[in-house]
Amino acid sequence: MLFRYGTDSRGKLVKKAVVYTKSEHLISIDRIDPDALQIINRLRDAGFTAYIVGGAVRDLIVGNTPKDFDIVTDATPSRIKRIFRNSRIIGRRFRLVHVVFGTKIFEVSTFRSNAEGSVGNDFGTIEQDVMRRDFTLNALYYDPIQEQIIDYVGGMRDIKKHVLRPVIPMESIFVEDPVRMLRAIKYSATTHARMSFALRHKIRNSAALLGQVSPSRLTEEMLKIINSGHSAEIISEALDTDLYMYLQPAAAAMIYEKKDVEQSYMENLIKLDDLSKNHPDVRLGKKLYFLLYDFVASLTDWKKEVLETVPASELYARTWKECRNFVLPMNPQRRELEFAVKDVLTNLGVSFRQPGSKKQAKAENGTGAGSANANGTSANGEPRKKAKKKSKNKKKKNAVEDKAKENAEIKKLVKEPQPNSISLKDEPMQANA
């Protein structure tokens, strides 16, 4: 274990951070994305410092695979942009740089000052930047060149002890950014870090602050929960801390009203987590199915609706409208929500005609020219391609024959005068008077 020293306000030498070496943090360099390493090396070559920061370091310590590698440096956004041609500056107020490698995007930020609290936008030092981080387990800086972790706030100790502790003072952490409450319950559920009674109490009392958050940010956080593979644990925490009534108010009201619905809802979330873990690339509509099922099932007696032969299109239109309101303020892609609604209705017994079903039925019944069966042969036993070609040639031959007949008729009319027509050869020409 090493220490990083600095000076206090009186110029006295003091310990600023604990530095953990590879033998202590046990992170293998092979687990770092090669493109992230390239970004850090190029920043270092240009004379700047650079570290991997945040959730990636936390995941590497506990043995998980990071989804993203965020990088922090003392280079300003404009300097970063000049170093990397494959980059773009984003954000108006809080400017960041996205460095693009193929389909991968790496977020590179500049150290920020905490002079104006945790939401200020002035550039600063690493010592100031760390005090803006939300929780200690997210406030670790990893240097892949030296293979060291720099810990200013005891984050390594808290990860080992499974403790969730805020860096920012409790009286301002959620006022400055209410979304941190959602992150707190997410970290607690996914890393099994315990929240203190004071922190949990603060979250419950501050839950109403989520009402000020834009629907786009709430949608982003809700989608992260859906895709996390831990939605059941996170939403259970959200219900316990009263956050879910602001994240999904209609679902929360339904759960609070009926205990049997709560049990079924949580069971569906467990199924959602299994799907996310086993098939991480499955489309969002398949995942939204599990959030909608209990609500759609409670709308009406679906067996009765099906027996009364209500058109599927009418049932779908009414249900989609109800589901659109049910998931608010979340705003998923329309086509994904449509897919989920149809999937739920199908499982409840509503039958939808698939595109091309008429053609398929025709082929199965052997009607129509060149219709084929499942073995690749036509109704008369010929191979499918051969039957298709034969049908095409027959149409072409018929068209040629029709054209020939038409031409023959025209020639006949030209050569033979009609009964009532007048021939100039039969009558002598009259002389002029």
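The values are calculated or read from the model by the stated rules, or taken from the named source; none is laboratory data. For clarity, every value in this text was computed on a predicted model and none was experimentally measured. As a convention, Cβ positions derive from the backbone with ideal geometry for all residues, glycine included, and neighbour counts pool all protein chains shown. Side chains are part of the model used for accessible areas, which takes the heavy atoms of the whole protein and leaves out ligands, DNA and RNA. Shrake-Rupley method; radii C 1.70, N 1.55, O 1.52, S 1.80 Å.
When the residues Asp281, Asp273 are ordered by accessible surface, computed with a 1.4 Å probe over the protein chains alone, the sequence from largest down reads Asp281, Asp273. If you take all other residues with their beta carbon under 11 Å from the beta carbon of His279, and give Lys and Arg +1 and Asp and Glu -1, the sum is +2. With an a/c value of 1.5 or above and a/b not larger than b/c for the gyration tensor axes a ≥ b ≥ c computed over the alpha-carbon atoms, region 261-302 is described as oblate.
Net charge dipole, region 89-234: roughly 440 debye, given to the nearest 20, about the Cα centre with Cβ charges of +1 for Lys and Arg and -1 for Asp and Glu.
Taking all protein chains as shown and a probe of 1.4 angstrom, Ser113 keeps an accessible surface of around 10 Å².
For His192, the solvent-accessible surface computed with a 1.4 Å probe is close to 130 Å², ligands and nucleic acids excluded.
For the pair Tyr5 and Glu322 in one chain, pulling the backbone fully straight at 0.36 nm per residue adds 108.1 nm over the alpha carbon distance. Pair-distance distribution of region 35-186: all C-alpha pairs, bin width 5 Å, starting at 0; shares per bin in whole percent are 2, 9, 18, 22, 21, 16, 9, 3, 0.
Suppose R0 equals 35 Å; then what is the FRET efficiency for Thr346 and Lys67 from their Cβ-Cβ distance, rounded to the nearest 0.05? So the FRET efficiency works out to roughly 0.65. Each residue of region 11-21 was assigned a 3J(HN,Hα) from its phi angle through the Karplus expression (A = 6.51, B = -1.76, C = 1.60, θ = phi - 60°), giving x, 7, 6, 9, 6, 9, 8, 9, 10, 9, 8 Hz with x at Gly and Pro. The label-point distance for Leu37 and Ile90, in a model that sets each label 7 Å from Cα toward Cβ, rounds to 2.6 nm.
Counting only heavy atoms of the protein chains and using a 1.4 Å probe, Val175 has close to 100 Å² of accessible surface. Write out the chymotrypsin sites (Phe, Trp or Tyr not before Pro) in region 84-137 meeting two conditions: DSSP loop, and at most 16 other Cβ atoms within 10 Å of their Cβ. In loop regions of region 84-137 (DSSP not H, G, I, E or B), the sparsely surrounded chymotrypsin sites (Phe, Trp or Tyr not before Pro) are Phe94. The GluC sites (Glu not before Pro) of region 105-173 meeting both criteria, a DSSP state outside H, G, I, E and B (loop) and at most 14 other C-beta atoms within 10 angstrom of the site's C-beta, are Glu116. Take the residue pairs Lys81/Lys277; Lys303/Lys342; Lys81/Lys104; Lys287/Lys321; Lys259/Lys287 and return only those whose Cα atoms are more than 26 Å apart. Beyond 26 Å between Cα atoms: Lys81/Lys277. Each Lys or Arg adds one and each Asp or Glu subtracts one; over the other residues with Cβ under 11 Å from the Cβ of Ser113, this totals -2.
At an R0 of 60 angstrom, the distance between the Cβ atoms of Phe123 and Ser298 translates into a FRET efficiency of 0.70. Determine the relative contact order of region 94-247: mean sequence separation of Cα pairs under 8 Å and six or more apart, normalised by residue count, in whole percent. Computed over region 94-247, the figure is 15 percent.
The His201 and His162 beta-carbon pair, evaluated with R₀ = 22 Å, returns a calculated FRET efficiency of approximately 0.70. Put a dot 7 Å past the Cα of Thr76, heading toward its Cβ, do the same for Glu336, and the two dots end up 3.8 nm apart. Of the residues Met170, Met181, Met195, the one with the largest accessible area comes first in the ranking Met170, Met195, Met181, computed with a 1.4 Å probe on protein heavy atoms.
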